[in-house]
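All remarks here apply to the structure that follows.
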Amino acid sequence: GGTMKRRAGEREKELKKKKLLEELGENRLPYLTPADADFHQLWKTKYSKLIFRKSDAVPEELHQMVQESFLALREHNCFFQDLVRIKGKDFLTPVSRILVGNPGCTYKYLNTRLFTVPWPTGSHDIKYCSPQIHDACKALMRLNDYLHIETVKALQVQNLLENKQIQDTTVTDRKQSFATSLTEQGSVSEDQSSVCVPEDDRSLKNRTSYNLTLLNYMDPLQMLYLKQEPYFGMGNMAVSWHHDENLVERSAVAVYSYSCEDSSVQESNEQELKGRDPAVWHVGLKVAWDIETPGLAVPLHQGDIYLMLDDLNVTHQHCVLAGLSPRFSSTHRVADSSRGTLEYILGQCELALQNLQTDSDSMALSLKSLEAAVVKQVEEIHNEVEFEWLRQFWFQGKRYLKCTDWWLKPMAKLEEFWRKLEIMTSLVLSEVRKEQQIEEQRNETISCFLLLLKERQKLRKEWTAR
């Protein structure tokens with residue numbers, strides 16, 4: 001309920017903003033680049049949770065490994081445009097992508113579930129289609145470890161700065177109200193000491209332990225059309241304004257950018273050029289639902305890194321502004337794995353099948369319970385297996401066979417579970433037709449069962465149409 005209310009509120013704000021922009025006409029909202037005098041002050045006050053690292057701060061060996069991995073994956077045709085669903089319509093993304101990460105992990109955005117090409121971990125037997133793909137996944141795992149360490153450091157520094165600011169404010173407040181009793185002074189010092197308590201290590205780890213990276217690739221010169229940035233007039237967009245979805249609350253996002261710059265794409269030095277240089281890739285940021293704070297356009301060069309810390313992904317939106325050269329990026333995330341891992345969905349299947357029993361003599365199958373709550377749980381899991389996993393995988397997931405066949409065995413296992421769930425559905429149908437049940441209980445079971453069957457029928461039609 002809270003999520004729906006928040007989304008309704010966001011839609012309302014977006015409509016108000018669109019109306020205002022229509023009134024503004026050609027007078028776009030202001031935005032700043034590093035060439036503007038107020039850029040760093042604005043960053044410090046309104047965008048302080050965006051941390052930027054120039055490429056020379058990153059070990060050269062890591063640059064080489066990661067950049068070779070991008071090129072190897074492109075050479076093996078491992079980048080794919082995603083078919084995503086927005087407001088009931090399917091669109092191909094202008095950016096081509098591949099997901100690499102922990103074995104069995106998935107990431108869902110815009111109603112499309114991506115399945116990780118697993119990076120090589122000791123506990124899993126992973127066969128890659130070529131040694132180059134193995135090396136690429138290993139390099140990305142190394143980058144992931146490096147970005148995790150850098151993110152923890154950045155958050156620790158930020159926490160120290162915030163604590164210092166709070167302490168300084170507390171001291172100032174105490175000086176202004178010096179005429180207080182000794183007991184009141186004691187309580188102030190207790191409050192102040194609580195500020196100094198460092199963030200819980202577990203919380204810090206949960207919000208910085210990246211479990212996957214979504215790799216992006218785009219050559220803007222191959223695109224017939226790119227959408228124009230609508231609010232500030234920042235130029236061509238590779239990725240529109242958005243919040244990253246399906247992440248652990250207040251978790252960080254780390255991005256490694258590699259634009260294949262060459263001598264034909266030179267950064268403009270003309271002072272009279274207003275706004276951002278259209279030849280250079282940029283990340284754009286704005287405060288969400290704010291039409292007064294200027295936006296930022298930060299240039300991205302070969303090997304630059306940026307971190308979006310804490311709640312920046314919620315309070316702000318970001319977009320990617322296209323340059324002229326092809327560009328790769330590796331965007332590391334702490335995906336919410338509560339409902340998005342193979343381990344989770346296999347566990348759900350086992351839970352559902354607890355209601356199925358086999359007669360030891362006749363081997364006939366029957367249901368242990370016809371209680372409405374039990375039937376509802378089983379049929380919800382049935383829908384989840386079919387529409388969130390099997391159909392999502394076979395709709396676009398077959399392409400991952402270019403990298404590895406790791407997902408084939410788990411999918412075969414899920415199909416086996418699904419067939420048993422289909423049997424359970426038919427058993428419910430045959431049982432509710434029998435008259436010997438208590439009518440009230442029977443009606444309750446039929447009512448919730450029909451709702452889920454209608455939902456299944458609707459979704460099957462949608463997927464068939466796709």
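The values are calculated or read from the model by the stated rules, or taken from the named source; none is laboratory data. Quick caveat: nothing in here was measured; it's all calculated off a predicted structure. Cβ placement follows ideal geometry from the backbone for every residue including glycine, while neighbour counts extend to all protein chains displayed. Just so you know, the surface numbers come from the protein's heavy atoms only, side chains and all, with ligands and any DNA or RNA stripped out. Shrake-Rupley method; radii C 1.70, N 1.55, O 1.52, S 1.80 Å.
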Run residue 288 past the list (1) in contact with a strand residue (DSSP E or B) (Cβ under 8 Å, 6 or more places away or on another chain); (2) farther than 26 Å from residue 204 by Cβ and report the number of the one that doesn't hold.
(2)
Can you tell which of 221, 204, 226 is open to solvent by 40 Å² or more (accessible area, probe 1.4 Å) and not in a strand (DSSP E or B)?
221
Only one of (1) open to solvent by less than 50 Å² (accessible area, probe 1.4 Å); (2) part of a loop (DSSP other than H, G, I, E, B) fails for residue 362. Which number is that?
(1)
Pairs, first surrounded by 10 or more Cβ atoms within 10 Å (Cβ to Cβ) in region 120-131, second of a type in the set (Val, Ile, Thr), C-beta under 8 Å, six or more apart:
120/126; 126/404; 128/404; 129/404
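Scan 221, 212 and give me the residue that is more than 24 Å from residue 38 (Cα to Cα), in contact with a Gly (Cβ under 8 Å, 6 or more places away or on another chain) and either of a type in the set (A, V, I, L, M, F, W, C) or modelled with pLDDT under 95 (or both). Write out each step before concluding.
Values: 221 fails: in contact with a Gly (Cβ under 8 Å, 6 or more places away or on another chain).
So the residue among 221, 212 that is more than 24 Å from residue 38 (Cα to Cα), in contact with a Gly (Cβ under 8 Å, 6 or more places away or on another chain) and either of a type in the set (A, V, I, L, M, F, W, C) or modelled with pLDDT under 95 (or both) is 212.
Residue 375 - would you say it is within 18 Å of residue 423 (Cα to Cα) and surrounded by 22 or more Cβ atoms within 10 Å (Cβ to Cβ)? Explain how you work it out, then say what you get.
Working: within 18 Å of residue 423 (Cα to Cα): yes; surrounded by 22 or more Cβ atoms within 10 Å (Cβ to Cβ): yes.
Taking the combined requirement at face value, the residue satisfies it.
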Which ones in region 35-78 are farther than 23 Å from residue 291 by Cβ, of a type outside the set (Lys, Arg) and assigned to a loop (DSSP other than H, G, I, E, B)?
35, 58, 59, 76, 77, 78
Any residue in region 390-410 that is open to solvent by 60 Å² or more (accessible area, probe 1.4 Å), assigned to a loop (DSSP other than H, G, I, E, B) and in contact with a Cys (Cβ under 9 Å, 6 or more places away or on another chain)?
yes
Do you know which of the residues in region 286-332 that are part of a loop (DSSP other than H, G, I, E, B) and within 13 Å of residue 49 (Cα to Cα) is most open to solvent (accessible area, probe 1.4 Å)?
311
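Would you check if residue 285 is at pLDDT 95 or above and not assigned by the TED database to the domain that holds residue 234?
Numbers: at pLDDT 95 or above: yes; not assigned by the TED database to the domain that holds residue 234: no.
Against the criterion (at pLDDT 95 or above and not assigned by the TED database to the domain that holds residue 234), residue 285 does not qualify.
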State yes or no: is residue 447 among the small types (Gly, Ala, Ser), open to solvent by 60 Å² or more (accessible area, probe 1.4 Å) and in the same structural domain as residue 356 (by the TED database)?
yes
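Can you name every residue in region 321-354 that is over 15 Å from the mean Cα position of the chain (by Cα) and closer than 14 Å to residue 259 by Cα? Explain how you work it out, then say what you get.
Here is the first cut: in region 321-354, the residues over 15 Å from the mean Cα position of the chain (by Cα) are 321-328, 342-354.
321, 322, 323, 324, 325, 326, 327, 328, listed by residue number.
Of the residues 422, 455, which single one is out of contact with any helix residue (DSSP H, G or I) (no Cβ under 6 Å at 6 or more places or on another chain), more than 22 Å from residue 342 (Cα to Cα) and either free of Cβ contacts under 8 Å to residues at least 60 places away in the same chain or open to solvent by 10 Å² or more (accessible area, probe 1.4 Å) (or both)? Steps first, answer last, please.
Numbers: 422 fails: more than 22 Å from residue 342 (Cα to Cα).
It is 455.
Can you confirm whether residue 115 is more than 30 Å from residue 299 (Cα to Cα) and crowded, with 16+ Cβ neighbours inside 10 Å? Talk me through it step by step, then tell me what you get.
Details: more than 30 Å from residue 299 (Cα to Cα): yes; crowded, with 16+ Cβ neighbours inside 10 Å: yes.
Against the criterion (more than 30 Å from residue 299 (Cα to Cα) and crowded, with 16+ Cβ neighbours inside 10 Å), residue 115 qualifies.
Across region 79-119, what is the total count of residues that are assigned to a loop (DSSP other than H, G, I, E, B) and modelled with pLDDT of 95 or more?
Result for region 79-119: 6.
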